[in-house]
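To start, the structure under review is shown below, and the notes come after it.
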Amino acid sequence: MATETEAYLGKTDYKVIGTRPIRHDGADKVTGRAIYGADVTLSGLLHGKVLRSPHGHARIISIDTSKAAAHPGVKSVITVDDFEMPEDKIRELGEGAANLRHLRSNVLADGKTLYHGHAVAAIAAVDANTAEEALDLIEIEYEVLEAVLDTRRAMEDGAPLVDENQTTQSLGEKTDKKSNVSTHFQHKLGDSAKAFESADIIVEREFDTATVHQGYIEPHNGTAHWKSDGHVTVWCSTQGSFPVREQVSQLLMLPVSKVKVIPTEIGGGFGGKIRVYLEPLAAMLSKKTGHPVKMVMSRTEVIQATGPTAGSHIRCKMGVTKEGKLVAAEAYMAYESGGFPGGWAAPGSMCIFAPYDIENVTIDGFEVLVNKPQTMAYRAPGATNAAFASETVIDEICEKLEMDPIAFRLQNAAKEGTRRADGPVFPRIGNVETLKDAQSSDHYKSKKGKHVGRGVASGFWFNVGLKSSASASVNTDGTVSLVEGSTDIGGSRTSIAMQLAEVLGIPAESVNPSVVDTDSVGYTDVTGGSRTTFATGWAAYEAANDIKAQMSGRAAKIWEISEDDVQFDDGVFASKSDPEKKLTFKELAGKLDDTGGPIVGRAAVEPQGVGGAFATMIVDVEVDTDTGKVEILRATLSQDAGKAIHPSYVEGQMQGGVAQGIGWALNEEYFYNERGELANSSLLDYRMPTALDLPMIEARIVEVPNPGHPYGVRGVGEVPIVPPPAAVANAIYDAIGVRLQILPMSPAKVLAALWSKDGKGKA
Amino acid sequence: MAKTHVTTTLNGEETEFLCEPRQTLLEILRDDLNLTGSKEGCGNGNCGACSVMLNGRVVDSCLVLAVETEGAEVTTIEGIATPEGLHPLQQKFLEHAALQCGICTPGFIVAAKALLEKEAHPTEERIRLWLAGNLCRCTGYDKIIRAVQDAAETMEKA
């Protein structure tokens, strides 16, 4: 007998799923009415500002806050000493984890500042300008230390230590070796060394990728009120209100029940708005002053001290037979953690060879401390760097084999049953279908223009499930008010509401979804890991089924029949034995008051059946060989969504991911001088793509339903950023015959590569 | 710091406020006049999230001192919809899913409206050039450009 899941997966005649309703929060967002974090205001509000280290790496000899504290209008000045030392433990945040002691030393430096922009002290004053003025009155004596800024230098013996107490955890064992390497791990499948002997062609290359920022347009913010009853309320724009509650309560030594987080609308996150920065400071300043305190970062602070994602150094070696079968692969992946230990090589290692069925793989991963901000998730964290390496090597192999790059990928494609190097065996995945879709696209079949290069690359992201809750109350007019805890960054209110509407046979517009605070809904993990439409959508689906069951009971009561005799189909409750007895959802909703009162459905889920996502990109570029500038002429992404609940917002995720990937490929990077001072902390100098830099981006949705979700959803947010840098690099090679192995492939790097090919020195 | 008295026409209404000489128009709009639809993304004119119309020109309100608006006409995102409904651009942004997080959306709508008032039939390239001062990190611009193109057609028919 087919399970309910299989029955749904076979279903194609959805009424709501797959349509494109206008998002529920849309009118507020196009009229400027939606309230984001920086828009919050409260009576008696004070404003906080942060003093940050001007040095890349320095010891704090002394801090004197007395002059700042005496400045007119200043109400309080705090340093790390105002925060007790928490237990030495780690809290999972959904995407990444926080060691509480590191979190404390990141929100305010403890003894040393580990990167340019590291927070040292915070001030609350009557207004933001007064607080800013008073920052200049804080006197700090630093001993400037040598900064270490990339993994190669950081891993050398005798390199300056970012943390003098850091030792390496190597292959699961603690060691005593003092090092900037916090972790070395290895994945081993088969015997790669031996298998390389059977390869006819082996390509081994070395890659570097720059530190890049998530680049959300809304700066971080946090407002807190420590009330006289000891309860703390926090307003902020975050990807996860519950993870903020957890972090704030731990740093303030409060039980979670005393912290309420009210999530505002959020202006982008991409993985960067999960860890707290300002919220604990605002709360402590509020405790000291008795007033609510609001803090908002400047753009410079955002770039200097939040995010970014890991720069990396990767070596990638792959071997293939002359028939085109991949037989062995090895990777060395060293990723920057920033000033505190991190873990982005780990997810990168799960993705680097995932699109391929290779029986012999060895991957060594290294998480490395450097004097940069503590790195954070950025859309498929670790995977974009990894794919830049592996997908460029694959392209070179295809060239040597004289094989079509998609045909080669199809021949070696991972499919259901393929084991990934880090262990898991793939369930039903859409890798092959995605490749075939790309192969059949007009773009791929089109003839290239003169001087145009075309590149192809694939990518994988595993997606996550985690925990979500929802409740939904039936209104007597036949609508449903849906309450959920996933902050809505890209239309997820609607994609979640649509799953509830589908179950109940009502239009999406008949659901009023609200994202509420941590006291008003059950625990819900971050909006991240491509999990929101998958997991919170599942919670809404379960809540709807709960409503359906309760409503069936009411129908049975009204008709004085057994509940077993009630069926629900297409939005209509009916008696199986007496077809005359039927009520639409709306009609029955109108009778709730007389049949036992309100109905509230609820669900809390932790789904396990996460479905990984694959994407393949085709890109055409033109390269100006005089200036080195690369122009993106045409871009197409085929991606397996499992099931696209709201296709417009799936396309939006794909197009947005591709745009960010192109920025990463061509322009974006952190420029540090040798002292570790960041030179480009503005949006003029940190160059993200503008409308003029990009063409239309064709988003081709492939649907291979995920058997682990009632509607087949996989999650779509992250994988689209994975292929672009490699696809662009392969297109540049096709255009001008040079392989770029460094990101970004900015004009200077392209010219340098061209000159080195031509045997010319620098002009 | 002594404050200066300023009178402007704001979204069609004569409006008075007091400001310090160092305060930007964006600060006054958001903090004093409670018009928080204009957003601060960078504070130095690179992102366009604070775009408003000042005497018929699109400006970054973070780069305009509030005292400069004496006698000026200012239109913000809050002044674009009417009691009759949304402006065609706002409607098309919704229909085309041209926003994700929505933080850049007010700036884009203000800037795009200024373009369509100048030029009824801008090409895709022209729209991209005009909007190059407004950064969006979510959408890749595709759906924004389509929404502006569709709004142009709708406004022409109206």
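The values are calculated or read from the model by the stated rules, or taken from the named source; none is laboratory data. Quick caveat, the model's predicted, so the values are computed rather than measured. Positions of Cβ are generated from backbone atoms using ideal geometry, with glycine treated the same way; all protein chains shown enter the neighbour counts.
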- Message: Conditions first: (1) part of a loop (DSSP other than H, G, I, E, B); (2) among the hydrophobic types (A, V, I, L, M, F, W, C); (3) in contact with a Pro (Cβ under 7 Å, 6 or more places away or on another chain). Residue A:354 passes all but one, so which condition is the exception?
- Response: (3)
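Give, as residue ranges, the strands (runs of 3 or more DSSP E) completely inside region A:551-608 that count at least 1 residues that are surrounded by fewer than 20 Cβ atoms within 10 Å (Cβ to Cβ) and either over 44 Å from the mean Cα position of the chain (by Cα) or acidic (Asp, Glu) (or both).
Working: elements: A:566-569, A:572-575, A:582-584, A:600-605.
By residue number, A:566-569, A:572-575, A:582-584.
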- Task: May I ask you to say which residue of A:707, A:695 is over 30 Å from residue A:159 (Cα atoms), modelled with pLDDT under 95 and surrounded by fewer than 24 Cβ atoms within 10 Å (Cβ to Cβ)?
- Result: A:707
- Please verify whether region A:40-48 includes one or more residues that are of a type in the set (Gly, Ala, Ser), away from chain B (no Cβ under 14 Å), surrounded by fewer than 14 Cβ atoms within 10 Å (Cβ to Cβ) and closer than 30 Å to residue A:517 by Cβ. yes
- Query: Do any strands (runs of 3 or more DSSP E) lying entirely in region A:291-344 carry at least 1 residues that are acidic (Asp, Glu), and which ones are they?
  - Reply: A:326-338
- Task: Just give me the residues in region B:65-83 being part of a helix (DSSP H, G or I) and either within 14 Å of chain A (Cβ to nearest Cβ) or among the basic types (Lys, Arg) (or both), in sequence order.
- Result: B:66, B:77, B:78, B:79
- Would you check if there is a residue in region B:38-49 being away from chain A (no Cβ under 12 Å) and more than 12 Å from residue B:107 (Cα to Cα)? no
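Looking only at region A:152-174, which residues are of a type outside the set (A, V, I, L, M, F, W, C), farther than 18 Å from residue A:310 by Cβ and under 29 Å from the mean Cα position of the chain (by Cα)?
Our first condition is that a residue be of a type outside the set (A, V, I, L, M, F, W, C); within region A:152-174, this holds for A:152-153, A:156-158, A:160, A:163-170, A:172-174.
Right, trim to farther than 18 Å from residue A:310 by Cβ and you get A:156-158, A:160, A:164-165, A:167, A:170, A:172-174.
Of everything in region A:152-174, those that are of a type outside the set (A, V, I, L, M, F, W, C), farther than 18 Å from residue A:310 by Cβ and under 29 Å from the mean Cα position of the chain (by Cα) turn out to be A:167, A:170, A:172.
Please find, within region A:475-499, the residue that is nearest to residue A:353 (Cα to Cα) out of those that are aliphatic (A, V, I, L, M) and crowded, with 24+ Cβ neighbours inside 10 Å.
Filtering region A:475-499 down to residues aliphatic (A, V, I, L, M) leaves A:480, A:482-483, A:489, A:496-498.
Then keep just the ones that are crowded, with 24+ Cβ neighbours inside 10 Å; that gives A:480, A:482, A:489, A:496-498.
On the way: A:480: 45, A:482: 41, A:489: 30, A:496: 32, A:497: 36, A:498: 35 Å.
Top of the filtered list is A:489.
Answer yes or no as to whether residue A:679 is more than 9 Å from chain B (Cβ to nearest Cβ) and free of Cβ contacts under 8 Å to residues at least 24 places away in the same chain.
Details: more than 9 Å from chain B (Cβ to nearest Cβ): yes; free of Cβ contacts under 8 Å to residues at least 24 places away in the same chain: yes.
So residue A:679 fits the description; yes.
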- Looking only at region B:34-57, count how many residues are outside any loop (DSSP other than H, G, I, E, B) and either without any contact (Cβ under 8 Å) to a residue 60 or more places away in the chain or aromatic (Phe, Trp, Tyr) (or both). 3
- Message: Among the residues that make up region B:118-130, is at least one of them more than 7 Å from every other protein chain (Cβ to nearest Cβ), touching a residue at least 40 places away in the same chain (Cβ under 8 Å) and in a helix (DSSP H, G or I)?
- Response: no
- Message: Quick check on region B:139-153: of everything there that is buried (at least 24 other Cβ atoms within 10 Å of the Cβ) and in contact (Cβ under 8 Å) with a residue 24 or more places away in the chain, which residue is farthest from residue A:699 (Cα to Cα)?
- Response: B:151
- Query: So which residues in region A:259-272 are surrounded by fewer than 24 Cβ atoms within 10 Å (Cβ to Cβ) and in contact with a helix residue (DSSP H, G or I) (Cβ under 7 Å, 6 or more places away or on another chain)?
  - Reply: A:264
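From the list B:146, B:137, exactly one residue is among the basic types (Lys, Arg) and either more than 7 Å from every other protein chain (Cβ to nearest Cβ) or outside any loop (DSSP other than H, G, I, E, B) (or both). Which is it? Spell out the reasoning first.
Values: B:137 fails: either more than 7 Å from every other protein chain (Cβ to nearest Cβ) or outside any loop (DSSP other than H, G, I, E, B) (or both).
From the options B:146, B:137, the qualifying one is B:146.
Can you go through A:101, A:152, A:59, A:91 and tell me which one is outside the structural domain of residue A:529 (by TED's automatic domain parsing), touching a residue at least 24 places away in the same chain (Cβ under 8 Å) and part of a helix (DSSP H, G or I)?
Working: A:101 fails: touching a residue at least 24 places away in the same chain (Cβ under 8 Å); A:59 fails: part of a helix (DSSP H, G or I); A:91 fails: part of a helix (DSSP H, G or I).
Of A:101, A:152, A:59, A:91, the one residue that is outside the structural domain of residue A:529 (by TED's automatic domain parsing), touching a residue at least 24 places away in the same chain (Cβ under 8 Å) and part of a helix (DSSP H, G or I) is A:152.
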- Applying the selection to region A:192-238, what residues are in a strand (DSSP E or B), in contact (Cβ under 8 Å) with a residue 60 or more places away in the chain and in contact with a Lys or Arg (Cβ under 6 Å, 6 or more places away or on another chain)? A:201, A:204, A:206, A:223, A:226
- Check off (1) touching a His at 6+ places or on another chain (Cβ under 9 Å); (2) of a type outside the set (Ser, Thr, Tyr); (3) within 14 Å of another protein chain (Cβ to nearest Cβ); (4) more than 29 Å from residue A:530 (Cβ to Cβ) for residue A:72 and give me the number that stays unchecked. (1)
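With the condition kept exactly as written, say whether any residue in region B:74-86 is closer than 23 Å to residue A:657 by Cα and touching a helix residue (DSSP H, G or I) at 6+ places or on another chain (Cβ under 6 Å). I'd like the intermediate steps shown before the answer.
Step one: filter region B:74-86 for residues closer than 23 Å to residue A:657 by Cα, giving none.
No, because not a single residue in region B:74-86 is closer than 23 Å to residue A:657 by Cα and touching a helix residue (DSSP H, G or I) at 6+ places or on another chain (Cβ under 6 Å).
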- Query: If you scan region B:93-117, which residues turn out to be under 22 Å from residue B:157 (Cα atoms), within 10 Å of chain A (Cβ to nearest Cβ) and of a type outside the set (A, V, I, L, M, F, W, C)?
  - Reply: B:95, B:96
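This table checks each residue for (1) in contact (Cβ under 8 Å) with a residue 24 or more places away in the chain; (2) in contact with a helix residue (DSSP H, G or I) (Cβ under 8 Å, 6 or more places away or on another chain); (3) among the polar types (S, T, N, Q); (4) within 23 Å of residue A:541 (Cα to Cα).
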{"site": "A:590", "(1), (2), (3), (4)": "yes, no, no, yes"}
{"site": "A:605", "(1), (2), (3), (4)": "yes, yes, no, yes"}
{"site": "A:612", "(1), (2), (3), (4)": "yes, no, no, yes"}
{"site": "A:617", "(1), (2), (3), (4)": "yes, yes, no, no"}
{"site": "A:628", "(1), (2), (3), (4)": "yes, yes, no, no"}
- Note on the structure: Picking from B:83, B:88, the residue that is free of Cβ contacts under 8 Å to residues at least 12 places away in the same chain, over 21 Å from residue A:689 (Cα atoms) and either out of contact with any strand residue (DSSP E or B) (no Cβ under 7 Å at 6 or more places or on another chain) or among the small types (Gly, Ala, Ser) (or both) would be B:83
